[in-house]
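Notes to accompany the following structure.
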Amino acid sequence: MSTLSAIVAGVTYRSRNGAVEALSGVTLDVASGEVVVALGASGCGKSTLLGLFAGFVAPTAGQVLIDGVPVTGPGPDRAVVFQDDALMPWLSAEDNVAFGLRLRGVGRAERQQVARDLLRDVGLDGFAGHAISEMSGGMRQRVGLARALAVSPRFLLMDEPLGALDELTRERMQMLLLHLWQASGKGIFLITHSIEEALFLATELVLMSPRPGRIVQRYRPDFARRFLAGEPIRAIKGDPQFLAMREDLAATILAGDEEYARHG
Ligand SMILES: Nc1ncnc2c1ncn2[C@@H]1O[C@H](COP(=O)(O)OP(=O)(O)O)[C@@H](O)[C@H]1O
Ligand SMILES: [Mg+2]
């Protein structure tokens, strides 16, 4: 068990055009075995919060800790997955997945074994030798996931990982993510601006709002666990309770949106 914590954390960016308070007073735990999802319109500080957890961004107020120890930068205990998969297109799927292990000096045979096992886990059995440039968006995102998992991180930090995928591929990836989560028990922090995706995946859902970026609501959906217990995805996403929560979230988001407040 491990916990990544932001404690009353704030980030103010200073640029030539002045200061931007990107995040203010955010307290949030990502513990092993939890899927914490940040939902909100663009500009509400979601990526900044992920940057704090990843160690890319230093807090200008408050603290970021792993099991009580301050985060001082990126580390192998936290793997980051972006929407833009950032794979190396000239390498095969297997070499992309094994890249981090190679940097760590893991021998060729072991790297190959780990990479092939992970490619199988993400549904790409038989694609180890394929070039990234020949793969679809969904396949690339699977390779990206396998690559993140290859270094055995304690936490997966994902910034709109499924945002570029078509609807059906996206839903398949949501199911895959939950299965991988169940098998690994890792702590996951995931950003999305899809209300439905947030509700389906989250064990804790935090709704964020901009200027300054902050958490305005917290929910504890149980749809991910229901899915993993065997309930079909269509039954869950069509469940009146799911639909009611989706509408409630949409209304809350719109109420905080100045444009809608004037015209909606
Ligand atoms: N490096 C930066 N320098 C200055 N301002 C930034 C920087 N990164 C983000 N911002 C600003 O901080 C706010 C939050 O950005 P971000 O965390 O990217 O939000 P989100 O991911 O929710 O869209 C925005 O107003 C954005 O313009
Ligand atoms: Mg962002």
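The values are calculated or read from the model by the stated rules, or taken from the named source; none is laboratory data. Keep in mind that this is a model prediction, so the values were computed, not measured. Virtual Cβ from ideal backbone geometry, glycine too; neighbours counted across all protein chains shown.
Miscellaneous remarks
- Residues of region 177-193 classified as more than 10 Å from Val37 (Cα to Cα) and crowded, with 18+ Cβ neighbours inside 10 Å, total: 6
- Qualifying residue in region 50-63 (condition: touching a strand residue (DSSP E or B) at 6+ places or on another chain (Cβ under 6 Å), away from ligand 2 (no atom under 16 Å from the Cβ) and of a type in the set (S, T, N, Q)): yes
- Hits in region 54-76 (condition: within 13 Å of Ser2 (Cα to Cα) and either outside the structural domain of Ala31 (by TED's automatic domain parsing) or in a strand (DSSP E or B) (or both)): Leu65, Ile66, Val69
- Of the residues making up region 172-191, those that are outside any helix (DSSP H, G or I) and at pLDDT 95 or above are Lys186, Gly187, Ile188, Phe189, Leu190, Ile191.
- When Ser42 is tested against (1) part of a loop (DSSP other than H, G, I, E, B); (2) surrounded by 14 or more Cβ atoms within 10 Å (Cβ to Cβ); (3) under 17 Å from the mean Cα position of the chain (by Cα), only condition (2) is not met.
- Restricting attention to region 161-192, the residues being within 16 Å of ligand 2 (Cβ to nearest atom), under 23 Å from Ser136 (Cβ atoms) and in contact with a helix residue (DSSP H, G or I) (Cβ under 8 Å, 6 or more places away or on another chain) number 6.
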